[in-house]
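Shown next, in C-alpha cells, is the structure this report addresses.
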Amino acid sequence: MNKESEFPFERARRVTPEENQKFRAAISEQFGMELRKRDRPVKNEEENYEPISIRIHPKVLAWAKEEAQKRGIGYQIVINEVLLERISR
C-alpha cells in the first residue's frame with residue numbers, strides 16, 4: 001500500500017465496545033497509565049452552554065491549554081471555571 005486511499009475499507013470492520021475496553025485495559029496495564037475519557041462532560045439541564053466566538057490574548061490561551069493538559073481536561077473548561085469563579089466572588 002503506497003497511498004492511504006489504497007486501504008481496503010470494504011473489508012474493514014468496526015471495533016466493538018468490548019474490544020475497545022480490552023485495548024484500553026491492555027494499554028493501561030502495559031504503560032502504567034489511565035487513558036482519559038474523550039467525550040464531553042455530562043451537564044445538568046440548567047447548564048446550557050452557548051457557542052460563541054471570542055478573541056483571547058495568546059498568553060491566556062497558552063496558560064489555559066497548559067493547565068488543561070496538566071489536569072487532563074479541555075482548555076475551554078479551564079477558562080469557564082476561572083470565569084465562573086470570578087463572577088461568584
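So the values come out like this:
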| read-out | value |
| --- | --- |
| Enumeration of residues in region 32-55 that are modelled with pLDDT of 90 or more and farther than 17 Å from G74 by Cα | R55 |
| Hits in region 52-89 - residues which are basic (K, R) and either part of a helix (DSSP H, G or I) or surrounded by 14 or more Cβ atoms within 10 Å (Cβ to Cβ) (or both) | K59, K65, K70, R71, R86 |
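The values are calculated or read from the model by the stated rules, or taken from the named source; none is laboratory data. Just so it is clear, the structure is predicted and the values come from calculations on it, not from any experiment. When we count neighbours, we look across all protein chains shown, and the Cβ atoms used for this are built from the backbone with ideal geometry, even at glycine.
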